[in-house]
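Take a look at the structure below.
The values are calculated or read from the model by the stated rules, or taken from the named source; none is laboratory data. Just so we're clear, the structure is a prediction, and the values are computed from it rather than from any experiment. Neighbour counts run over all protein chains shown; Cβ positions are idealised from the backbone, glycine included.
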Amino acid sequence: MASRYHQVYAGWKRDSDAFWAEAAGDIDWFTPFDKVFDADAGVYGRWFPGATCNTCYNAVDRHVASGRADQLALIHDSAIAGTVRTFTYAELKREVVALASVMKNQGIGKGDRVIIYMPMIAEATFAMLACARLGAIHSVVFGGFAARELATRIEDAQPKAVISASCGLEPNRTIAYKPLLDEAIELARHKPERCIVVQREQLACDMTEGRDIDYADAVAREKAAGANVDCVPVASTDPLYVLYTSGTTGQPKGVIRDNGGHMVRLKWSMYNEFGIEPGEVFWAASDVGWVVGHSYIVYAPLLHGCTTVMFEGKPVGTPDAGTFWRVIEQHGVVALFTAPTAFRAIKGQDPKGEFVPKYDLSKFRTLFLAGERADPETIKWAEQRLGVPVIDHWWQTETGAPITHNPVGLGLLPLKYGSPGVPMPGYDIRILNDAGHEVPNGTLGNVVLKLPLPPACLPTLWNADKRFHQAYLDEFPGYYKTADAGILDDDGYLFVMARTDDIINVAGHRLSTGAMEEVLAEHPDVAECAVIGIADAMKGQTPLGLVVLNAGVTRDLAAIEKEAIALVRDRIGPVAAFKTVVTIKRLPKTRSGKVLRGTMQKIADKEEWKMPATIDDPAILDEITEALKARGIGV
Ligand code: COA
Ligand code: AMP
């Protein structure tokens, strides 16, 4: 059957308001919007102004009211604890209402911020939805970040409360979350009034008198009292959440997501892009700390009336490379969404795919990959072993939903290896050269999105309109800068090649090398440093730190390097996967003092490189080549 994509995309281009008005018909609004889009509001315009709505109502209550009360809403599967917990929509509502009641009793209401610092447990989803129910703004912080990163977010978001848990489970260790939370609160100038803490049986934590509340006790009391909390009407344009993401400095950017546009865009994506019907089981194997977890573990599948799977585990080692297939069989998953790195990990452990035929994957229809570049080898491996289409799609924390995709519901377009597909309605993608001029198809350039951005995209950054302008809008007037470099081909397919800034992508996690450099520079023996992302067969990229020591330092180099590694782990967290530091004599720079990170990366990755014409002293690159070679890098 021919794809409807071109017709639908052309329909959007012809009349964007009509397109989004129709999509908005799938959302239950408390009061209707005055306009689909107000170009004069906000930084570049606002979606569905005038409307009131509630995201929790659309994700939970309306399904309970319309016949899905007994359908599973959430399956929590912990491959590490060896447990499965399930919740119907009616049970999900009970959990969310009870927690919302606990929060309301603590004075948390519309517009208040609540930080959620939790491992992958069902209560993290309840917490997000309870915030949405109250009109409170959640900010989920990924558990792999260290106390200082959490403290930065606490300071910026100024939360009234934090919802957390005693511990997280990694395959090789139990991570005590509570000491990290206590340390972060200690470090932050802003002090949240309350912490609501889930005590997990694997590792209990101490509670701080007068501040901490035991989640289970408090929720049980509300349930026993038959507490009810209605969904609070919020403006379509009110923030649902703030999600911090890496920028070019150590200060993360607080991406704001509004309520109305977000719901419209996510609901539309579930059938049209992912080909999922309400009632089906959808699984995004990510973490609620990332945007993929927000959009495709929690909000989109629930808005669509699906059953969503929340997985605590890894693609390998919990217990083996067959765990994904076990989950698919056991829960009847029809589509899986994960990062390519997960498949590279599986392929590494089970190259012939011998675990696959051990499971019944008859319900499984599609594999979706995003979060980093999907290398064609990995896509082909997955296609061959699983016998289903493998669909790469591209987006960012900032957009909340795919920018390019191959839309399954509209009808698949031919697959092109190496391309994450074609622009979705709402996106007019252009490729510009550095001077801001459009380049012909087939030419590499800056990938930009013509303003206005569609529903679900960030309207601005939390408390930082100026930074929003500087980071995204100023360089190419009239366009949003994605900071990705890419190519459009004659058929309208995009090929995303690299970031144009200092962001690197480690196992699908977005990290700032600038932030790591700031930490390395704190080491008393380090005079200068640079962090670059180098190729890694499983994680895509890993960070490599290059340090120049202060004159006169005579300490053992290996000890200094070890301390530098520990510093980054301590300040940013294990998620940075920062494991290598090489001491060099000098950093290569241009005559104007710019560090030549790109050239060093090429040397480390054994790519062809040209001597930059502006280099200060060419001999430095030979020194670096030697220093890296001595450590087995770039050989
Ligand atoms: N809390 C605390 N620590 C965490 C954590 C969490 N929630 N998540 C990860 N970490 C730690 C890990 O234990 C690891 O620590 P270590 O250096 O002591 O081993 C470190 O952070 C890096 O974790 P991770 O990136 O998960 O690497 P890994 O080597 O443990 O596993 C993969 C590699 C490929 C299996 C894993 O990254 C993966 O499954 N990725 C694909 C899915 C995904 O989550 N994508 C994200 C966006 S879609
Ligand atoms: P994040 O905000 O964490 O989702 O990271 C967004 C960045 O990840 C993008 O700007 C890209 O650099 C990269 N990325 C995400 N998806 C893809 C993809 N399918 N192909 C290539 N790069 C991707």
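Pull out all pairs, ordered by first then second residue, where Cβ-Cβ is under 7 Å, the residues are six or more apart or on different chains, the first lies in segment 49-66 and is closer than 14 Å to ASP238 by Cβ, and the second is assigned to a strand (DSSP E or B) and among the β-branched types (Val, Ile, Thr).
ALA51/THR31; THR52/THR31; THR52/VAL234; CYS53/VAL234; ASN54/VAL234
Restricting attention to segment 368-375, does a residue exist that is touching a Lys or Arg at 6+ places or on another chain (Cβ under 7 Å), within 20 Å of HIS331 (Cβ to Cβ), at pLDDT 95 or above and not in a loop (DSSP other than H, G, I, E, B)?
Scanning segment 368-375, I find no residue that is touching a Lys or Arg at 6+ places or on another chain (Cβ under 7 Å), within 20 Å of HIS331 (Cβ to Cβ), at pLDDT 95 or above and not in a loop (DSSP other than H, G, I, E, B), so the answer is no.
If you go through segment 407-421, how many residues are out of contact with any Phe, Trp or Tyr (no Cβ under 8 Å at 6 or more places or on another chain) and within 11 Å of ligand 2 (Cβ to nearest atom)?
Matching residues across segment 407-421 total 0.
Checking TYR296 against (1) more than 10 Å from ligand 1 (Cβ to nearest atom); (2) under 25 Å from ALA24 (Cβ atoms); (3) of a type in the set (Ser, Thr, Tyr), only one condition comes out false. Which one?
That leaves (1) as the condition not met.
When you check LYS358 against the structure, is it out of contact with any strand residue (DSSP E or B) (no Cβ under 9 Å at 6 or more places or on another chain), in the same structural domain as ARG153 (by TED's automatic domain parsing) and either surrounded by fewer than 22 Cβ atoms within 10 Å (Cβ to Cβ) or not hydrophobic (A, V, I, L, M, F, W, C) (or both), yes or no?
Yes, satisfied.
Those residues that are in a loop (DSSP other than H, G, I, E, B), surrounded by fewer than 16 Cβ atoms within 10 Å (Cβ to Cβ) and in contact with a strand residue (DSSP E or B) (Cβ under 7 Å, 6 or more places away or on another chain), I need them from segment 529-555; list them, please.
Across segment 529-555, the qualifying residue is only ASN550.
Which of (1) charged (D, E, K, R); (2) more than 16 Å from ligand 2 (Cβ to nearest atom); (3) buried (at least 22 other Cβ atoms within 10 Å of the Cβ) is the odd one out, the single condition GLU273 does not satisfy?
Among (1) charged (D, E, K, R); (2) more than 16 Å from ligand 2 (Cβ to nearest atom); (3) buried (at least 22 other Cβ atoms within 10 Å of the Cβ), GLU273 violates only (2).
I'd like to know if segment 207-225 contains one or more residues that are crowded, with 17+ Cβ neighbours inside 10 Å, closer than 30 Å to TRP325 by Cα and not hydrophobic (A, V, I, L, M, F, W, C).
No - not one qualifying residue is present in segment 207-225.
Can we say LEU361 is aliphatic (A, V, I, L, M), within 16 Å of ligand 2 (Cβ to nearest atom) and at pLDDT 95 or above?
No; evaluated as a whole, the condition is false for this residue.
Residues PHE311, PHE324: which one is part of a strand (DSSP E or B), within 16 Å of ligand 1 (Cβ to nearest atom) and buried (at least 24 other Cβ atoms within 10 Å of the Cβ)?
The unique qualifying residue is PHE311.
Per-residue answers, yes or no, for (1) more than 16 Å from ligand 1 (Cβ to nearest atom); (2) closer than 21 Å to GLY436 by Cβ; (3) crowded, with 18+ Cβ neighbours inside 10 Å; (4) at pLDDT 95 or above:
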site: PRO477; (1), (2), (3), (4): yes, yes, no, yes
site: GLY486; (1), (2), (3), (4): yes, yes, yes, yes
site: GLU517; (1), (2), (3), (4): yes, no, yes, yes
site: LEU520; (1), (2), (3), (4): yes, no, yes, yes
site: ALA527; (1), (2), (3), (4): yes, no, no, yes
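Would you check if there is a residue in segment 395-402 being surrounded by fewer than 23 Cβ atoms within 10 Å (Cβ to Cβ), of a type in the set (Phe, Trp, Tyr) and modelled with pLDDT of 95 or more?
No, there is no match, as no residue in segment 395-402 is surrounded by fewer than 23 Cβ atoms within 10 Å (Cβ to Cβ), of a type in the set (Phe, Trp, Tyr) and modelled with pLDDT of 95 or more.
State which residue pairs qualify: first residue within 15 Å of ligand 2 (Cβ to nearest atom) and inside segment 324-351, second residue of a type in the set (Ser, Thr, Tyr) in any location, beta carbons under 6 Å apart, and separation of 6 or more residues or different chains.
Once the first residue is within 15 Å of ligand 2 (Cβ to nearest atom) and sits in segment 324-351, its partners that are of a type in the set (Ser, Thr, Tyr) give PHE337/TYR296; PRO340/THR378; PHE343/THR378; ARG344/THR378.
So HIS76 clears everything in (1) of a type outside the set (S, T, N, Q); (2) over 18 Å from SER164 (Cα atoms); (3) within 16 Å of ligand 1 (Cβ to nearest atom) except one condition, right? Which one?
HIS76 satisfies every listed condition except (2).
Which ones in segment 247-272 are in contact with a His (Cβ under 9 Å, 6 or more places away or on another chain) and within 26 Å of THR500 (Cβ to Cβ)?
Once the filter is applied, which keeps residues that are in contact with a His (Cβ under 9 Å, 6 or more places away or on another chain) and within 26 Å of THR500 (Cβ to Cβ), segment 247-272 yields only ARG257.
Let me spell it out: the conditions are (1) assigned to a loop (DSSP other than H, G, I, E, B); (2) in contact with a Gly (Cβ under 6 Å, 6 or more places away or on another chain), and VAL575 meets all of them except one. Which number is the exception?
With (1) assigned to a loop (DSSP other than H, G, I, E, B); (2) in contact with a Gly (Cβ under 6 Å, 6 or more places away or on another chain) applied to VAL575, the lone miss is (1).
Give me the pairs: first residue in segment 189-202 and farther than 16 Å from LYS178 by Cβ, second residue at pLDDT 95 or above and assigned to a loop (DSSP other than H, G, I, E, B), beta-carbon distance under 6 Å, and six or more apart or on different chains, which are they?
Note: pairs meeting the criteria are HIS190/GLN158; GLU193/LYS160.
Scan the helices (runs of 4 or more DSSP H) fully inside segment 173-272 and keep the ones with 2 or more residues being within 16 Å of ligand 1 (Cβ to nearest atom) and in contact with a strand residue (DSSP E or B) (Cβ under 9 Å, 6 or more places away or on another chain).
177-187
Scan the strands (runs of 3 or more DSSP E) fully inside segment 36-122 and keep the ones with 2 or more residues being among the β-branched types (Val, Ile, Thr).
Those strands (runs of 3 or more DSSP E) span 83-88, 113-117.
Residues in segment 394-414: is at least one closer than 30 Å to ALA2 by Cβ, outside the structural domain of THR338 (by TED's automatic domain parsing) and polar (S, T, N, Q)?
no
Residue check, ARG194 against (1) within 30 Å of TRP47 (Cα to Cα); (2) assigned by TED's automatic domain parsing to the domain that holds VAL390; (3) buried (at least 19 other Cβ atoms within 10 Å of the Cβ), all met but one. Which one?
So the condition that ARG194 fails would be (1).
Step by step: first the residues of segment 139-162, then only those that are of a type in the set (Lys, Arg) and part of a helix (DSSP H, G or I), then the one that is surrounded by the fewest Cβ atoms within 10 Å (Cβ to Cβ). Which residue is that?
Filtering segment 139-162 for residues that are of a type in the set (Lys, Arg) and part of a helix (DSSP H, G or I), the one surrounded by the fewest Cβ atoms within 10 Å (Cβ to Cβ) comes out as ARG148.
Going residue by residue through segment 559-572, is there one that turns out to be of a type in the set (A, V, I, L, M, F, W, C), closer than 22 Å to ALA374 by Cα, within 16 Å of ligand 1 (Cβ to nearest atom) and part of a loop (DSSP other than H, G, I, E, B)?
The answer is no; no qualifying residue exists.
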